[in-house]
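Novice: Could you have a look at this structure, given as structure tokens, before my questions?
The values are calculated or read from the model by the stated rules, or taken from the named source; none is laboratory data. Note that the structure is a prediction, hence the values are computed from the model and not measured. Here Cβ is always computed from backbone atoms with ideal geometry, including for glycine, and neighbour counts include all displayed protein chains.
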Amino acid sequence: MKVTGLALVPPPSAADLPKVTPELLASVLARYSRSNEGIHAILEKVDLANPDASIDRILKFVDYGHASIGGLTGGLAIALDDISMWLAYKIFEIAQMADGQESSTRYITMDADNLPAPAEIGIPDDLAPRWRGLMAKAFAAYNSEYTRLDALGAAEPGRVRVPADAKPAVVTRILKNYALDRARYFIPLATRTNVGLVQSSRMWAATVKHLDSMPHPEARAAAALIRGELLKISPRLMRHSSAEPSYQEQARQELAASLRLGLARLSTAPLADEVWVHVDRSTPPFLGEDQPVSEALRHRANRYGYQGAATRRMRVSFAWNNLAIAELRDLNRHRTGHRYTPLIQAGFYLPPEIAHAAHQPLLDEQAALTRELMQRGSPAYVYSLLLGAQTPFEHGTHADKFIYEAELRTGMGAHYRYAEHLSDALKAFFTQVPEAREWVAEGTAEPE
């Protein structure tokens, strides 16, 4: 694992702007809120040659808590190389205010060399050979199915949805993605990936505190590395990023709940689709609901258009019983509201093009190792999961954000399985908000 901090500096054309560190920026803005002098008057009192003294003087004067000024540091960028897909998923779950990207499964190395060492992720020593062997078999299944599906897509015109006017390079990419996106359910969740995130010092401190409070060695190792990097550019604010009892207790309870539910539901059989949507349209009696839903939606040119108060005020919770981790990794990144999953294997999804029975021995071996780790109470059970593992997933947000996600995940080029899940959720939403149907652009995910 490697962590790198990326500091932002003014471009050459902004030579007349003061070059301030993130903490100096935060302290100046904190002082700004305790003064009517104006920002230029405050900056004139700052010694840019000795920013630390200026920071300490300002912070002592304004007496702000670390959290209230930590959000004023601007975007602090961190790149995390060679972390597991599980840790990448967890960081996106925790860092709900961050902007970020993760390496696509289409571009990372798919073999057993691209795994962390068992000791790094807490695999018990006596199970390490068994875990390594299982992971090698999972990668072998991935590569064999990719090769087969790649040839199948090329050999059977019409199997893969390709635009009639697509250029040869585009056709080649679509055919390749058809195979990659169906074979990916065999990828181990332990596979190494890369993540880049940008967020304020306040949110980094909360993220690192959360990671440092988890029982997973990889999470705590990442917390130490991120903290060490951010101490270089935001030392005062990152002092508040160590493990804390409330975080540790919630992590303990969540692990216990996952182990209990996971052992009760562990299965390799595919789960039938089940979706749950709850819409809360209630409003305070002294405000009411004056705007029709049609007026909130019909003026948009596309999903990026601004929605009206009728949908922005409407609460929506939606969940699936069977979201494969392959889809969870992306749907988990929709930042608004709160997401929750016990991250278990209640079933195992494979696309129709892959025969489930042909891989049953691998899936049985994988489930047996997962069961063993769960019975031992080991948080490392997550590293025995493959991306086809199906888990319940819940997201609570507002209708405008739900509609955006549904239009995005069923729209042009969306992954076929996202489109199926969001189409089901939209149908359930329309039964409760039928007047929205005419104004929501549900797509067909073509070409995939």
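Novice: Collect the residues in the stretch 226-247 that are surrounded by 16 or more Cβ atoms within 10 Å (Cβ to Cβ) and modelled with pLDDT of 95 or more, keeping them in residue-number order.
Specialist: Once the filter is applied, which keeps residues that are surrounded by 16 or more Cβ atoms within 10 Å (Cβ to Cβ) and modelled with pLDDT of 95 or more, the stretch 226-247 yields A243, Y247.
Novice: Here's a follow-up. Select, from A179, A154, the only residue that is in contact with a helix residue (DSSP H, G or I) (Cβ under 8 Å, 6 or more places away or on another chain), assigned to a helix (DSSP H, G or I) and surrounded by fewer than 18 Cβ atoms within 10 Å (Cβ to Cβ).
Specialist: Testing whether each residue is in contact with a helix residue (DSSP H, G or I) (Cβ under 8 Å, 6 or more places away or on another chain), assigned to a helix (DSSP H, G or I) and surrounded by fewer than 18 Cβ atoms within 10 Å (Cβ to Cβ) leaves just A154.
Novice: Let me ask something additional. Can you pull out every residue in the stretch 182-220 that is within 25 Å of A251 (Cβ to Cβ), assigned to a helix (DSSP H, G or I), basic (K, R) and modelled with pLDDT of 90 or more?
Specialist: Matches in the stretch 182-220: K209, R220.
Novice: Since H278 meets every condition but one in (1) at pLDDT 95 or above; (2) more than 24 Å from the chain's Cα centre (by Cα), which condition does it not meet?
Specialist: (2)
Novice: Something else now. Would you check which residues across the stretch 75-122 are under 20 Å from R182 (Cα atoms), under 15 Å from the mean Cα position of the chain (by Cα) and not in a helix (DSSP H, G or I) and list them?
Specialist: Across the stretch 75-122, the qualifying residues are E102, S103, S104, T105.
Novice: Within the stretch 92-123, count every residue that is assigned by TED's automatic domain parsing to the domain that holds R220 and either modelled with pLDDT of 95 or more or touching a His at 6+ places or on another chain (Cβ under 6 Å) (or both).
Specialist: 1
Novice: State whether the residues of the stretch 232-251 include one that is of a type in the set (D, E) and in contact (Cβ under 8 Å) with a residue 60 or more places away in the chain.
Specialist: no
Novice: Give the residues of the stretch 348-394 that are in contact with a Lys or Arg (Cβ under 8 Å, 6 or more places away or on another chain) and not aromatic (F, W, Y), sorted by residue number.
Specialist: Passing the criteria: P351, E353, I354, L362, E365, L369, L387, E394.
Novice: Among the residues in the stretch 385-395, are any among the β-branched types (V, I, T), under 20 Å from the mean Cα position of the chain (by Cα) and in a strand (DSSP E or B)?
Specialist: Within the stretch 385-395, one or more residues are among the β-branched types (V, I, T), under 20 Å from the mean Cα position of the chain (by Cα) and in a strand (DSSP E or B).
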